[in-house]
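Worksheet: the structure to be examined is printed underneath.
Every number here is computed from the coordinates shown, using simple stated rules; none is lab data. Keep in mind the model is a prediction, meaning the values are calculated, not measured. Here the Cβ positions follow ideal geometry from the backbone for every residue, glycine too, while neighbour counts run over all protein chains shown.
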């Protein structure tokens, strides 16, 4: 097993997910870059305070986007098994994105100084379990029909800052089944166009930046400019996908109840 494969396996095991996030695949392009970042992030993720802080991240206010008619999804032939797998997929990404949001923040902006009284290190490693159900498959962009690929790119460009190359979130690729994104996007679009998604994602980034937890104070700075640029880009993407995943979960649960 090569170094990258070994690191990928460790990342999956540490985060309790069956996939390797896009941030890590980007860092793995150049030899040694992923290993350097993971030497810092691995201990950060296994500290109990990190999991607690990730679960506590939230945004201000509440919002429920308009729901599409249940018939829009029913006509696609989606069954209970799909909804179970979709829920497991969203749950796994929510956990991973929350952890990665804290990890990228710590990587970019480590803290120094004494620990606050309530931030003393724990003694037990965090217990992270895998997804409760099988996930939806991660679809390859190049293999998608032209219409589904175009919708995937459209959603990616609407959700994330304009930058080349276009960053296509892995979470959305799980939902790029024929016609599915076309049915989901009308429900999600008002929250994006109205600024809710961007505002909620900014709230999450502010909370992550303010998190004064023990493992962040032991993080050593990373000076590699490429790693820093990559982490900065994914900091925005990760926080955005925490919010987007929550809204997709709301949409699908409403549709499932309506179709019952």
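What the Cα convex hull of the chain gives, in volume per residue, is 137 Å³. Nearest 10 degrees is fine. How inclined is helix 146-159 to the longest principal axis of the chain, computing both from alpha carbons? Its long axis makes an angle of about 50 degrees. The modelled label-to-label distance between residue 206 and residue 162, using points 7 Å beyond Cα along the C-beta direction, is 2.7 nm. One Cα centroid belongs to the stretch 155-210, the other to the stretch 1-24; the line between them spans 24 Å. For the chain, the longest principal axis of the Cα atoms and the long axis of helix 225-259 meet at an angle of about 40 degrees.
For the peptides 18-31, 94-107, the ranking by packing is 94-107, 18-31, with the highest mean count of neighbouring Cβ atoms within 10 Å listed first. The calculated FRET efficiency for residue 140 paired with residue 232, based on their beta-carbon distance and R0 = 35 Å, is about 0.85.
Specify the angular offset, from 0 to 90 degrees and rounded to the nearest 10, of the alpha carbon long axis of helix 80-108 from the longest principal axis of the alpha carbons in the chain. For helix 80-108, the angle is close to 30 degrees. Normalised by the number of residues in the chain, the average gap of Cα pairs under 8 Å and 6 or more apart makes the relative contact order 35 percent.
Sort 224-231, 32-39 by packing, meaning the average of other beta carbons within 10 Å per residue, with the highest value first. Kindly include the intermediate steps, with their values, before the conclusion.
On the way: 224-231: 15.0, 32-39: 17.1.
Going from most to least packed, we get 32-39, 224-231.
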